[in-house]
Amino acid sequence: MKVPGSTGSGCRFAGFTVCSYTCSHRCGQTHTMAHRDGIVKAKTRRSKRFLQSREPKLTEGQKSSMIIRGGNSSETVSQALKDVYALKKPNAVLYKRKNMVRPFDDSTALEFFSKKSDCSLFLFGSHNKKRPNNLIFGRMFDFHVLDMFELGIERFVSLRDVKTDTCPEGTKPLLVFAGELFETDREHQRLRNLLTDFFCGPRVSAVRLAGLEHVLHFTALEGKIYMRSYKVLLKKSGCRTPRIQLQDMGPSFDFVMRRNHMASDDLYKTAHRQPRGVKPKKKKNISHDAFGTRLGRLHMQKQDLDKLQTRKMKGLRKRRGEQTAETAAAAAKAPRTDE
Amino acid sequence: MASCSFEDVLAKAERDEAEKLKGITVSKELDLEFDPGNLLAFDKNRIDTREFKDCKREDFLRSLARDNTQLLVNEIWKLPTERVEEVLVAKLPDPTTLLPREKPAPKPKPPTKWEQFAKLKGIQKKKKTNLVWDEVHKEWRRRWGYKRAKDDTKEWLIEVPENADPSEHQFNKRNKAKKERVARNEYNRLKNIARAQKIKVPGMGLAPTPRQSKAELAQAVNVAKISTASVGKFQDNLPKEKTPKNTGKKRKFQPLIGDFSSEKQKQLDLLKVMDSKKPRLDVTKAVNKQMREEDMESRHKNKKDFGKKGRRGKMSGKGKAGGKGPKGKGRKPQMKQGKR
């Protein structure tokens, strides 16, 4: 298996024999992990945090994707891969060098890459005479291939060719699927699910209304899928909701469906199984007593009780007469001690 | 009359509304399916293929996209909004499309030995405060860790308890006890992990691993050999196996108070060696060392001049051996002909 190149710095795992093959640009670990019996023990706190970030969690964050170039690829495919990488920028890894991998025959290489770089989505591009301009969209569950769809590019307009300004990196795009094929045909349904998974951004609880700038539109028609991406311009309309105007932007593809590998129903069901009890995070230092009052603890610094600022009670203020008597007494004492 | 004008007013209001909404209404046969949590919309309507082929493709697709996006944006604008730092933000509901997980759900960890015991006895976890009042420094300090409240290790005075040996080192005793506690804690933690992952952890070298080195195998063989009732005394050796000598202590020291005559003899010998003018010499060692240095030198020379001078014969080491000391371990090769 040829070594894939990475776009970033290398990592040096001294204890690993396997890791000398591939480097993910996101892991900057030195030999701080001991590897034995298939269990990795962390030697430093940083490596411990790294291992914890890769463990399965109750609620998962955003999926990362790896974009791989195949054994032979044309100009179209390379540009297409770069464009998709630009769309998915922070959470994607691009392997630019050639990898002699055939995903439909043997998916162990892909699974190995996914395990090393902790990516569950992949896009594999290749070109040969039998299947020109081939893109394989796929996803993994537990580092084994779940679904794979092979799409051929018939027509491609790259980001470079369209001379408009693009929206910033990492904006969550609006996704629109059109066409009754996406509803009726089983394969198209699965493909729709896969494309949603691939292109939807991180899961957010709120979105800035003015920041809805990017829309990806997929149309399924006569066995072909047209993917277009537009920039959204919000224009004034009579009421609160703006009127939409679209501007051509970004990569546009005309796909034709080729082979696919769909997961069996049980595997698909297992992949959807959610863990029980996703509890909300508890805030520290808050407790409730028997009456239901909310209590917390404050740790105070030492206070000088003489200089406390209390309420001023006029009646307790020292009167002038008393004051002079005190000073007189003090003065009377002083000369006595002097003597 | 009044009712007429009332209806007129209503009709006019409706017409005004319709005018306003003209910009954003889109008419479709079937309603779209929305998933605002994912900013997703799905249009099930049939696409007119004739229209698609007649008009230019891009324009048709763009107008279709515009309509669908308008409907999606209408849907998003219906969501509750709030102002976060001068920015208008819409709160999204949970996504409705079921997407598969990346990795299987984490399994709950089996309870540790202490947790099992606590459950059995009904011991509850008491929530402890983060900071504790330190009388010595008169401030709030952590319960444990860096700059903690009652730091045992920072004490400069330890009273010797009454029943203790006066010559015992109290500070060392405390440090050793701490090290033992730490080691025991670590051991118990690893045992808990092993129990959780159902890995058998017997003694050293005996845990089955996929690849075992020669040393580990040898260790395993030795441990197995002496694991009999008579500690391996009656175990036969394999044909070419040698019994390892000196298993156990690596260095042997003479007892402090033992044989007086031998000790006396040893001391006298030592004094004799120190007195003598001639240096003590281990001839074989010296010769070997000399030969090794000559080899190194000749190798370097061969590298420099490509076999021109050829290799000079090995000079006999005896003549130069006089310059060597008895234990020539740390000597540099340049000090070959040093005068003593």
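Read-outs throughout are calculated quantities, based only on the coordinates presented, and are distinct from any laboratory measurement. The model shown is predicted, which means the values in this text are computed figures rather than measured ones. Neighbour counts are summed over all protein chains in view; Cβ atoms, including those assigned to glycine, are modelled from backbone coordinates with ideal geometry.
List, in the order given, every pair from A:LYS89/A:LYS231; B:LYS128/B:LYS154; B:LYS121/B:LYS178; A:LYS57/A:LYS116; A:LYS307/B:LYS128 whose Cα-Cα distance in the structure shown is over 21 Å.
Checking Cα-Cα distances, B:LYS128/B:LYS154; B:LYS121/B:LYS178; A:LYS307/B:LYS128 exceed 21 Å.
Averaged over peptide A:199-209, how many Cβ atoms belonging to another chain are found within 10 Å of each residue's Cβ?
Mean partner shielding for this stretch: 6.
Set the bar at 30 Å for Cα to Cα. Now go through A:LYS269/B:LYS198; A:LYS115/B:LYS147; B:LYS119/B:LYS176; A:LYS98/A:LYS269; A:LYS63/B:LYS126; B:LYS28/B:LYS56 and name every pair that lies beyond it.
Beyond 30 Å: A:LYS115/B:LYS147; B:LYS119/B:LYS176; A:LYS98/A:LYS269; A:LYS63/B:LYS126.
Below 15 Å, Cα to Cα, which aspartates and glutamates can B:LYS103 reach? Residues fewer than 8 away in the same chain don't count.
Candidates past the 8-residue exclusion: A:GLU55, A:GLU60, A:GLU111, A:ASP118, A:ASP142, A:ASP147, A:ASP197.
Is the shape of region A:60-260 best called rounded, prolate or oblate, per the rule: a/c under 1.5 gives rounded, else a/b larger than b/c gives prolate, else oblate, with a ≥ b ≥ c the square roots of the Cα gyration tensor eigenvalues?
It comes out prolate by the Cα gyration axes.
Quick check: convex hull of the Cα atoms in region B:92-242, volume per residue, rounded to a whole Å³?
Normalising the Cα hull of region B:92-242 by residue number yields 360 Å³.
Ranking A:CYS167, A:CYS119 by Cβ neighbours within 10 Å, fewest first, what do you get?
In increasing order of surrounding Cβ atoms, one gets A:CYS167, A:CYS119.
Which whole-number percentage describes the relative contact order of region B:6-90, with Cα contacts under 8 Å and a sequence gap of 6 or more?
24 percent
Lys and Arg at +1, Asp and Glu at -1: add these up for the other residues within a Cβ distance under 15 Å of A:MET300 and post the number.
+2
Projected onto the charge dipole of region B:6-90 (+1 at Lys/Arg Cβ, -1 at Asp/Glu Cβ, origin at the Cα centre), which of B:ILE24, B:VAL84, B:ALA13 gives the Cα projection farthest towards the positive end?
Positive-most Cα among the choices belongs to B:ILE24.
Give me B:MET291, A:MET300 sorted ascending by neighbouring Cβ count inside 10 Å, so fewest comes first.
Exposure proxy ranking, most exposed first: A:MET300, B:MET291.
Sorting A:SER47, A:SER78 on the 10 Å Cβ count, fewest up front, what's the list?
Fewest to most other Cβ atoms nearby, the residues stand as A:SER78, A:SER47.
Given H placed 1.01 Å from N in the peptide plane, which residues other than close sequence neighbours of A:HIS214 have an amide H under 5 Å from its amide H?
Distant-sequence amide H within range of A:HIS214: A:LEU174, A:VAL232.
Considering every residue in A:136-143, what mean count of other chain Cβ atoms within 10 Å of its Cβ is obtained?
The shielding value for this peptide is 2.
Please compute the contact order of region A:60-260 in relative form: average sequence separation of alpha-carbon pairs under 8 Å and at least six residues apart, divided by the residue count, as a percent.
21 percent
Other chains near A:225-233: what is the mean number of their Cβ atoms within 10 Å of each residue's Cβ?
The mean count of partner-chain Cβ atoms within 10 Å per residue comes to 3.
Can you divide the C-alpha Rg of region A:159-204 by 2.2 N^0.38 Å and report the result to two decimal places?
Ratio of Rg to 2.2 N^0.38 Å for region A:159-204: 1.47.
List the aspartates and glutamates whose Cα lies under 14 Å from the Cα of B:LYS78, skipping any in the same chain that are fewer than 8 positions away.
B:ASP35
Please state, as a whole number in µm²/s, the translational diffusion coefficient that the Stokes-Einstein equation yields for region B:6-90 at 4 °C and 1.567 mPa s, with Rh defined as the Kirkwood radius across alpha carbon pairs.
Translational D for this selection: 83 µm²/s.
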